[in-house]
Amino acid sequence: MEISVIIPVYNKTAYIGRCLKSIFSQDFPSFEVIAVDDGSTDASGKICDQWAEEEPRLQVYHTPNGGVTAARRYGIEHANGRYIMFADADDQLTEGALKRMYDTIHETDADEVIGPYIDQYGQCHDSGLRGFVDTDPLVRDLLATRNSFCVLWGVIFKKELLDGCLGAPREIVEREDSLMQIKCLMKQPKVFFVDEPAYLHYEDMPNDRIEDLQMIRIYDKELRRTLELQWERYRSAFVGHQIKVYEKFIDKQQYHVFEEYYRPLRKQLDKSIPLADRLAILLPPRLSFFLVHYYKMIRKRLLKGN
């Protein structure tokens, strides 16, 4: 078995069928799909079981709800492939993706192969990176949430690279895929970039995940621990990450987070932090809202316009 495609599934009745169809339509001969039903309360698990009755390459496991990272970890524990790919249940693989990604990782002997992705609006998110790349700018892009490449989903990994990288606390329900990729990149793997999208990522999909200050504190602690061995290199990027999270709260007009958590960031600002981000922290939260909200709105319109 060459590739195991792992899909964490939680309450995705409307989407899981099209995800599975995109994978089983692939022209690659040696792969399996492992769907981990993470305690769904809708018909997602039943739909997966129905597919498994007709498709012998599909294994379905039903587990108590433990979160997406635990579901991915469970999938790896039951995977038979030499290589691992992840797909989210509401996304799809593009035509011929498995063969292209396999051929690349097999020919280059990379530890992971990454590429651009497309969204449901037809927009291609392309970093412009090609061939073997250094891991440092990838870590920085992920911390700044400005990556225009597949994060964890749509990437093909040597299975052994993922050892020890899927251990995030259960409470982390947002950006856990970026955290897992950063854990991989801190191992200094050989990373190869391709130019053709292998993944269709549906953005702004509805979910019931709640991102609160408790989760942010847990996330920051785990991220800080992950960066520990190269802390001086990434300290400013870590502060920049915290500011981006703060901006997300401000965009939702959740101003209480400034007093409760983000005021200390003022003491850590220096010229390595972009001016707009420094202003977002230095201005009163209600003024920051206009800066953050309209920047995000204009950027989103420009992206869709392209």
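The values are calculated or read from the model by the stated rules, or taken from the named source; none is laboratory data. Just so it is clear, the structure is predicted and the values come from calculations on it, not from any experiment. Note that each Cβ is placed from the backbone with ideal geometry, even for glycine, and that neighbours are counted across all protein chains shown. Keep in mind that these areas ignore ligands, DNA and RNA; they rest on the heavy atoms of the full protein, side chains included. Shrake-Rupley method; radii C 1.70, N 1.55, O 1.52, S 1.80 Å.
Assorted remarks:
- Any hit, region 225-247, residues being farther than 21 Å from L138 by Cα and at pLDDT below 90: yes
- Screening P56 against (1) in contact with a Pro (Cβ under 6 Å, 6 or more places away or on another chain); (2) open to solvent by 10 Å² or more (accessible area, probe 1.4 Å); (3) of a type outside the set (K, R) leaves a single unmet condition, (1).
- Flag for E232 being free of Cβ contacts under 8 Å to residues at least 60 places away in the same chain, assigned to a helix (DSSP H, G or I) and open to solvent by less than 40 Å² (accessible area, probe 1.4 Å): no
- If only residues of region 43-80 that are in contact with a helix residue (DSSP H, G or I) (Cβ under 7 Å, 6 or more places away or on another chain) and in a helix (DSSP H, G or I) are counted, the one that is nearest to K12 (Cα to Cα) is S44.
- Of all residues making up region 81-101, the number that are open to solvent by 10 Å² or more (accessible area, probe 1.4 Å) and part of a helix (DSSP H, G or I): 2
- Top-ranked residue of region 264-296 - restricted to ones that are exposed (fewer than 12 other Cβ atoms within 10 Å of the Cβ) and assigned to a helix (DSSP H, G or I), ranked as nearest to the chain's Cα centre (by Cα): Y294
- Test result for F31, open to solvent by 10 Å² or more (accessible area, probe 1.4 Å) and within 25 Å of K158 (Cβ to Cβ): no
- Test: residue in region 218-230 that is out of contact with any helix residue (DSSP H, G or I) (no Cβ under 6 Å at 6 or more places or on another chain) and among the aromatic types (F, W, Y): yes
- Pairs with Cβ under 7 Å, 6+ apart, first in region 63-83 and over 11 Å from A168 (Cα atoms), second of a type in the set (S, T, N, Q) and modelled with pLDDT of 95 or more: A71/T63; Y74/T63; H78/Q59; A79/S4; N80/S4; G81/S4
- Checking D38 against (1) touching a residue at least 40 places away in the same chain (Cβ under 8 Å); (2) surrounded by 20 or more Cβ atoms within 10 Å (Cβ to Cβ), the condition it does not meet: (1)
- Applying the condition of being in a helix (DSSP H, G or I) and among the hydroxyl-bearing types (S, T, Y) to region 235-255 and asking which residue is farthest from the chain's Cα centre (by Cα) yields S236.
Quick grid of which residues meet (1) β-branched (V, I, T); (2) open to solvent by 10 Å² or more (accessible area, probe 1.4 Å); (3) at pLDDT below 95:
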site	(1), (2), (3)
E107	no, yes, no
Q123	no, yes, yes
V133	yes, yes, no
L138	no, no, no
I182	yes, no, no
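- Matching residues, region 41-70, being at negative phi and at pLDDT below 95: N65, G66, V68, T69, A70
- Test result for D136, touching a residue at least 40 places away in the same chain (Cβ under 8 Å), at negative phi and in a helix (DSSP H, G or I): yes
- Scanning region 149-167 for residues that are outside any helix (DSSP H, G or I) and open to solvent by less than 40 Å² (accessible area, probe 1.4 Å) turns up F149, C150, V151, L152, W153, G154, V155, I156, F157, K158, C165, L166.
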